[in-house]
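The structure appears right after this line, and notes come after that.
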Amino acid sequence: MPYVVTDLCTGCRYTECVSVCPVECFHIDDAMTYIDPQNCIDCGGCVPVCPVGAIKAAHKLPPEKTEWIEINRRRAAETPVVTGKLPPLPGADERKAIILR
Amino acid sequence: MIPGTSSPRRAAGRYRVAIIGGGPSGFYAAEALLRSERSIDVDVFERLPVPYGLVRFGVAPDHPKLKQVTRVFDRIAEMPGFRFFGAVDIGKDVSMTALRSCYHAVVLATGAPVSRLMDVPGEGIPGSHRAGDFVAWYNGHPDFRDRQFDFNTERAVIIGNGNVALDVARILAKTVDELRHTDIAAHAFDALAESRIRHVYLVGRRGPEQTRFAVKELQEFAELADCDPVVDLSHYPELSSGPGPDSEAGAALALLQEFSMRPIAKRRRCVFLFGLAPLGIEGDGRVQRMLFGPLQERPRAAARTSLSLDCGLVFSSIGRRAAPISGIPYDETRGIHANIGGRLATSGSVLPGLYVCGWGKRGPQGTIGTNRACSVETVTNVLTDLPQLDEPPRHPDRLFAATSIRRYVDYPGWGRIDAEEVARGGAKGKPREKLVTVEELFAAADGGVAC
């Protein structure tokens, strides 16, 4: 039961998740982060630190989000590992304010 | 292994950093140092013969996936410049002064091993334990293998609302079949197999909206084979409006509310109680009951005016502190080694060449990975300081020639211990059977089998 980054991350990419991942299982592209399900050890440490609540346990995803299990698996294989925190994408804070409103 | 037989001499012109403590924060500090642009040799000194700290002796045996983090530590141990010295107790086998004379910088990664006390009458009478001791015992910690826990009682009380309290409750609530195929120490499995415990009470001082439970770990109480979670929130009507979804405590409350509406069908129960301050433990020669009262400072937050719980076992799990070290500044209030961003500091001025990371730096909180960010912060400061730090007058080889280090376990030695434990566990359908004495561990490290 790995954890999954969902579309809520798109456009924010805060990467708080990256700094607390004990196994460096986060990958990254221009839009968001992805969790490599092969490496994730289910610690759940990334869930509470995500400023927009984008990370969920795979088995707790609502039906319309389950596609993100496969997207994480596929994109993690195609993208590089990110080992440290990066600045969020431009406009992330404004986006967060809308999401959390 | 015998000191001095195979350790290559350190290259000249490189920085040398000693890390005290081979747990997660120590490994992550080593990784950050060895990944840096500077040429650094890192020696990790661990008091026990084995690495991994609380991943081996803290993480519950029924959380095997979490223990896979050790693969990362093993990868770090393979990085050029890394050495591991197991069973070397800094402060005992080697003085801090002697250690410091051999390294540019010393990083404390010694955690928070001291359990906080409840400070109530009766604490310490037979049957009253610190949760951390129980955890170390069921995880096969050599210093705790001879502890005795009497499970010939139907009720156990756990004080505390954090994840250690949840671990203790869950291990007490699980059936033998739920524990059989874990890496729980054999002595603990045998003792728990005889347990008569039917009711486990988890008691917190604060309200149900202020727990420090990880939701993921709380959720496990919904899935136990023979135990139901029991939550009564009728004393907290003001919570019914529902919490915000954005905090862990809020999500934990939502789950507790869910638990409060579940039917109770199984034989064992884990009862969650809130807003109760421990007043004392009573019993004639051993624990018979525990007394609670309302919180003095927040009487309105109290669930009840007072409560007496009959029980035969009490575990306190109300926090941990770093162990004070002579000559190292200590923050009494926070129970940590006083520091600024990981630089040890007293009254605002830093002590050159001395650092801290992990629980000894920030207190006992966070997940395993929290230590990564924590150690990276400390190491960033080490890297900034290194060019200004004094060249150490001595070489680390001196430690082994001139001190009481007669033997230690290196990383290949740990590999042999690991292989032996995995082989012993395989025969029983366990991921490993931990060796629980220092002598057995040394024997396995040397390639022999203890008898």
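Values quoted throughout were computed directly from the atomic coordinates according to the rules given, and no laboratory measurement underlies them. All values reported here derive from a predicted model rather than from experimental measurement. Note that we place each Cβ from the backbone using ideal geometry, even for glycine, and neighbour counts take in every protein chain shown.
One table, with the values for the structure above:
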| read-out | value |
| --- | --- |
| Lys, Arg +1 and Asp, Glu -1 on Cβ, resulting dipole of the protein assembly as shown about Cα centre, debye, nearest 20 | 360 debye |
| Packing-based ranking, highest mean first, of B:420-433, A:49-62 given that Cβ atoms within 10 Å are counted | A:49-62, B:420-433 |
| Value of relative contact order over region B:117-318, rounded to a whole percent, pairs C-alpha under 8 Å and six or more apart | 31 percent |
| Cβ charges +1 (Lys, Arg) and -1 (Asp, Glu), total dipole of chain B, debye | 300 debye |
| Mean Cα-pair separation over length for region B:301-436, i.e. relative contact order, pairs under 8 Å, 6 or more apart, % | 13 percent |
| Using a Förster distance of 41 Å, the FRET efficiency for B:SER308-B:ARG38 (Cβ separation, nearest 0.05) | 0.10 |
| Whole-number percent relative contact order across chain B, with pairs defined as alpha carbons under 8 Å at least 6 apart | 23 percent |
| Contour minus Cα-Cα distance for B:ASP143 and B:ARG407 (0.36 nm per residue) | 93.2 nm |
| For A:37-43, mean number of other protein chain Cβ atoms within 10 Å | 5 |
| Taking all pairs of distinct alpha-carbon atoms in chain A, Kirkwood radius in angstrom | 13.2 Å |
| Charge tally in the Cβ shell below 14 Å around B:ALA338, where Lys, Arg are +1 and Asp, Glu are -1, B:ALA338 excluded | +3 |
| C-alpha center-to-center spacing [region B:173-223, region B:305-365] in angstrom | 26 Å |
| B:ARG394/A:ALA31 FRET efficiency (R0 60 Å; Cβ-Cβ; nearest 0.05) | 0.70 |
| Shielding by partners, peptide A:21-27 (average Cβ within 10 angstrom, other chains) | 5 |
| Which of B:TYR28, B:GLN288, B:GLY275, positive extreme of dipole for chain B (C-beta unit charges) | B:TYR28 |
| Cα pair distances of the protein assembly as shown binned at 10 Å [whole percent] | 3, 17, 26, 27, 19, 7, 1 |
| Distance between modelled label sites at B:GLU332 and B:GLN288, nm, 7 Å Cα→Cβ extension | 3.8 nm |
| For region B:313-358: span of alpha carbons on each principal axis (Å, largest first) | 47, 18, 16 |
| Gap separating the Cα centres of region A:45-85 and region B:118-141, nearest whole Å | 39 Å |
| Listed peptides B:83-93, A:19-29, B:111-121 by packing density, highest first (mean Cβ within 10 Å) | A:19-29, B:83-93, B:111-121 |
| Summed side-chain charge close to B:ALA322 - residues other than B:ALA322 whose Cβ falls under 12 Å, Lys, Arg +1, Asp, Glu -1 | +4 |
| Candidate lysines for bridging to B:LYS266, where Cα separation is under 30 Å - those fewer than 8 sequence places away on the same chain excluded | A:LYS56, A:LYS60, B:LYS65, B:LYS67, B:LYS174, B:LYS216, B:LYS428, B:LYS430 |
| Percentage, to the nearest whole number, of Cα pairs in region B:117-318 over 29 Å apart | 21 percent |
| Estimated D of chain B in µm² per second, where Rh is the Kirkwood radius over Cα pairs and Stokes-Einstein applies at 37 °C, 0.692 mPa s | 140 µm²/s |
| About the Cα centre, charge dipole magnitude for region B:306-451 (Lys/Arg +1, Asp/Glu -1 at Cβ), debye | 240 debye |
| Helix-only mean residue ellipticity at 222 nm for chain B, each DSSP H run of n ≥ 4 adding -39500 (n - 2.57), per residue, nearest 500 | -7500 deg cm²/dmol |
| Charge sum, other residues only, whose C-beta stays under 10 Å from B:ALA423's C-beta, Lys/Arg counted +1 and Asp/Glu -1 | -2 |
| DSSP bridge orientation in region B:117-318 - percent antiparallel, rounded to nearest 5 | 30 percent |
| Dipole-positive endmost among B:PRO324, B:VAL88, B:LEU218 within the protein assembly as shown (Cβ charges, Cα centre) | B:PRO324 |
| Cα lying deepest toward the dipole's positive end in region A:3-84, options A:THR33, A:ALA76, A:CYS21, charges on Cβ | A:CYS21 |
